[in-house]
Amino acid sequence: MFVNAGLSAALDRISERAADVRRAFTPGALPSHGDVATGAPRQRFALDPMSVSAPDGAYFIVAGQRETRTFTRDGSFRFADGHLVTEHGDPVLGRRSPDGPLEELAIDPVDAALGRAGAIRVESDGSVTYVRTSVDPRTGRRSGGNVTIGRVALARFPASTALGYSDDGQSFSPPSGVVPHVGVPGDAAFGALTPNRREESRVDIDRSLARLKDAYVAFDALAAAEAAHGRFGKTVMDVVK
């Protein structure tokens, strides 16, 4: 069936509004339409010591495909194969030393293999720490010591930078040629992280559902008008015949 430009645009609007509704349930996501944005970021308490919230305007740095980097506001981290990753499994970048390069943060391979890493958490200054436990083979006595594998990095973009984002609105990328300022939490350029917090989506679910309904109503109206136009054209042709 042929769909005219007006109906096609109306279907696109429905798709965009439906995407915003889905983003309402994605931590740290931004809407594609500003009229359903909540404004200031909202946080909720999380029992997970690996969950942190970034300062407003700052992003965590994630290793993407083909040596690219993407950015996210969602600080729900975990470990996979000894490496610090996002909830979706993408490696999180940080610095092992204050002046070191950005790199993936990982538990000591020996500690990971022997299961000696426990009580893993992310601190307010971005430090990723764990307790290394060991057992004295002669006495059987257990002991432990804190180990820091590095600090999670943060990025900030120049004011008014229009970031592109993924379909779920969670991962962001800057325009070509825009270079972010990179640092760590608590330094001269960035505030501290908030531990045991998870940033909620910046999509207002009620407004986004209302806009989705409006998009469907507009499509129905256009479809009805198109059908009426088609019937009118058929009637005219019948009369001419």
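Applying the condition of being assigned to a helix (DSSP H, G or I) and out of contact with any Phe, Trp or Tyr (no Cβ under 9 Å at 6 or more places or on another chain) to region 79-113 and asking which residue is nearest to Ala29 (Cα to Cα) yields Pro109. Which residue is most open to solvent (accessible area, probe 1.4 Å), if the candidates are limited to region 147-186 and must be more than 16 Å from Thr70 (Cα to Cα) and free of Cβ contacts under 8 Å to residues at least 12 places away in the same chain? Per the criteria, the residue is Ser160.
Number of residues in region 33-60 that are part of a strand (DSSP E or B) and modelled with pLDDT of 85 or more equals 5. Of Arg121, Arg132, Arg66, which residue is among the charged types (D, E, K, R), assigned to a strand (DSSP E or B), within 25 Å of the chain's Cα centre (by Cα) and more than 15 Å from Val184 (Cα to Cα)? It is Arg121.
Evaluate the following for Glu67: is it touching a strand residue (DSSP E or B) at 6+ places or on another chain (Cβ under 8 Å) and exposed (fewer than 15 other Cβ atoms within 10 Å of the Cβ)? Spell out the reasoning first.
Details: touching a strand residue (DSSP E or B) at 6+ places or on another chain (Cβ under 8 Å): no; exposed (fewer than 15 other Cβ atoms within 10 Å of the Cβ): yes.
So Glu67 does not fit the description; no.
When residues in region 180-203 are screened for being in contact with a strand residue (DSSP E or B) (Cβ under 7 Å, 6 or more places away or on another chain) and either in a loop (DSSP other than H, G, I, E, B) or on the phi > 0 side of the Ramachandran plot (or both), 9 of them pass. Only one of the numbered conditions (1) at pLDDT below 90; (2) open to solvent by less than 60 Å² (accessible area, probe 1.4 Å) is violated by Gly94, and that is (1).
The values are calculated or read from the model by the stated rules, or taken from the named source; none is laboratory data. Not measured: the values here are computed from a predicted model. Backbone-built Cβ (ideal geometry, glycine too); neighbour counts: all protein chains shown. We work out accessible area using only protein heavy atoms, side chains counted, and drop any ligands, DNA or RNA first. Shrake-Rupley method; radii C 1.70, N 1.55, O 1.52, S 1.80 Å.
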